[in-house]
Amino acid sequence: MTDTSPKSFSPRIFSGIQPSGGLTLGNYLGAIKRFVAAQEQGIETIYCLVDLHAITVWQDPAKLRNATRELAAGYLAAGIDPRRSILFNQSQVPAHAQLAWIFNCVARMGWLRRMTQFKDKAGKHAEEASVGLFAYPNLMAADILVYHATHVPVGEDQKQHLELARDIAIKFNHDFGLEFFPVVEPVIEGAATRVMSLRDGTKKMSKSDPSDQSRINLTDDADAIASKIRKARTDPEPLPESVDGLEGRAEARNLVNIYAALADIAPAEVIAQFGGQGFGALKPALAELAVEKLSPLNAEMRRLMQDPAEIDRLLGEGAERAHSIAQPILEQTLDIVGMIRSRRG
Ligand code: AQP
């Protein structure tokens, strides 16, 4: 039976990305680049390709398989080391989906109805949306809590889902009268926690935006990157002399933030360099910087994609390691909830 004594949780980082299309600059700056930085801190890091989340909206099976491998190539090319981090695809570790069912029975309908991502994605067609899209945050909570992860680096858009994961952990612990699940901490840091669309500075840059011009894909070549930045929507004013002057100028702020995140400097330093000048100065410099930073990544992704069997092998190995952490936590959860587990083997 499960030890019900109060626990202290060692730091463990978990995060994931959906293989729901090609990786964008938003995923890179808001997530992967920070995943690599976390790996360097010497804390245990678990990174997941959340393929079960991807199918909450229709995915062509062959394209999904390819996008999953491409996402793995993106993680590896950006510097995730599969010996130091655990890298795997979610569906190979069934404990995620099993714990998600239990969380479906913990989370309340009212909590999920408040999720803005569901409202944004389902739009006016909520009745036709999959049940999976509605229950998505419960699976996300399971992804994290099945590892007793304590810290989750994400972009700003995932903040509300992480608050829900915290609520689920608190309610579960309260319902069963023990401290079994950690109350996770979102880690939302840096200049690019919300990279916006290049066509509309009020919308986040997203893989599923119908306009390819709205985003920079990690598979874009140098010409495509430069052309998208050149055509990025801006306003007619010169850049302000201080960061405060970016208030109410979503497109200008976005380009400044992207520059800062790519150059690993603060937005104030970008303003110090380009303040008072028009976008004619910032855009070519940003295009050059983006090409310099993304081209090696792009080349490495293409190299890795030439050997899909090796990617699958690495994901399988990562899944074994992930399973060995998740399975005991799932089994303890089943004990706590009152399930009989007498099957041998
Ligand atoms: N625009 C963004 N700026 C900063 N961070 C972002 N992330 C996504 N877009 C931005 C972060 O990337 C991680 C993985 O996101 P995801 O693929 O699981 O789901 P998402 O947030 O729904 O990303 P997309 O690109 O918008 O996918 P689709 O179009 O399929 O819904 C998360 O940490 C997220 O914060």
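The values are calculated or read from the model by the stated rules, or taken from the named source; none is laboratory data. Source: prediction; values computed, not measured. Glycine gets a Cβ as well: all are built from the backbone with ideal geometry, and neighbour counts include every protein chain shown. Each accessible area value is taken on the protein alone, full model and side chains, heavy atoms only, with ligands, DNA and RNA left out. Shrake-Rupley method; radii C 1.70, N 1.55, O 1.52, S 1.80 Å.
A search for C-beta distances below 9 Å between a residue of the stretch 288-307 that is in contact (Cβ under 8 Å) with a residue 60 or more places away in the chain and any residue that is among the aliphatic types (A, V, I, L, M) and not in a helix (DSSP H, G or I), counting only pairs 6+ apart in sequence or on different chains, returns A290/I216; L294/I216; L294/L218; L297/L218; N298/L218; M301/L23; M301/L218.
Of the residues that make up the stretch 43-64, is at least one surrounded by fewer than 17 Cβ atoms within 10 Å (Cβ to Cβ), of a type in the set (F, W, Y), more than 18 Å from R313 (Cα to Cα) and touching a residue at least 24 places away in the same chain (Cβ under 8 Å)? No, every residue in the stretch 43-64 fails to be surrounded by fewer than 17 Cβ atoms within 10 Å (Cβ to Cβ), of a type in the set (F, W, Y), more than 18 Å from R313 (Cα to Cα) and touching a residue at least 24 places away in the same chain (Cβ under 8 Å). Only one entry in D223, D244 is part of a helix (DSSP H, G or I), open to solvent by 30 Å² or more (accessible area, probe 1.4 Å) and more than 21 Å from G26 (Cβ to Cβ), namely D244.
Considering every residue within the stretch 101-119, establish whether at least one is within 19 Å of I55 (Cβ to Cβ) and among the small types (G, A, S). Looking for residues that are within 19 Å of I55 (Cβ to Cβ) and among the small types (G, A, S), one finds none in the stretch 101-119, hence no.
W58 satisfies every condition listed in (1) out of contact with any Ser or Thr (no Cβ under 9 Å at 6 or more places or on another chain); (2) more than 11 Å from the ligand (Cβ to nearest atom) except (1). Restricting to the stretch 259-286, and then to whatever is over 22 Å from K231 (Cα atoms) and part of a helix (DSSP H, G or I), can you tell me which residue is least open to solvent (accessible area, probe 1.4 Å)? Going through the qualifying residues, I end up with A268.
Against the numbered list (1) away from the ligand (no atom under 13 Å from the Cβ); (2) open to solvent by 30 Å² or more (accessible area, probe 1.4 Å); (3) over 16 Å from A319 (Cα atoms); (4) at pLDDT 95 or above, A37 comes up short only at (4).
For (1) hydroxyl-bearing (S, T, Y); (2) away from the ligand (no atom under 16 Å from the Cβ), each residue gets a yes or a no:
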position	(1), (2)
A95	no, yes
H125	no, no
S130	yes, no
A141	no, no
T150	yes, yes
E156	no, no
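Conditions (1) surrounded by 18 or more Cβ atoms within 10 Å (Cβ to Cβ); (2) among the acidic types (D, E); (3) touching a residue at least 24 places away in the same chain (Cβ under 8 Å); (4) not in a loop (DSSP other than H, G, I, E, B), marked per residue:
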residue	(1), (2), (3), (4)
Y136	yes, no, yes, yes
I144	yes, no, yes, yes
L162	yes, no, yes, yes
I170	no, no, no, yes
P186	yes, no, yes, yes
T193	yes, no, yes, no
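Filtered by the rule that a residue be away from the ligand (no atom under 16 Å from the Cβ), closer than 19 Å to L289 by Cβ and among the hydroxyl-bearing types (S, T, Y), the stretch 194-249 gives S227, T234. Of the numbered conditions (1) within 14 Å of the ligand (Cβ to nearest atom); (2) among the small types (G, A, S); (3) out of contact with any strand residue (DSSP E or B) (no Cβ under 6 Å at 6 or more places or on another chain), G79 satisfies every one except a single condition; which is it? Among (1) within 14 Å of the ligand (Cβ to nearest atom); (2) among the small types (G, A, S); (3) out of contact with any strand residue (DSSP E or B) (no Cβ under 6 Å at 6 or more places or on another chain), G79 violates only (1). Put simply, of I86, I13, I102 the only residue that is within 15 Å of the ligand (Cβ to nearest atom) and in contact with a Ser or Thr (Cβ under 8 Å, 6 or more places away or on another chain) is I13.
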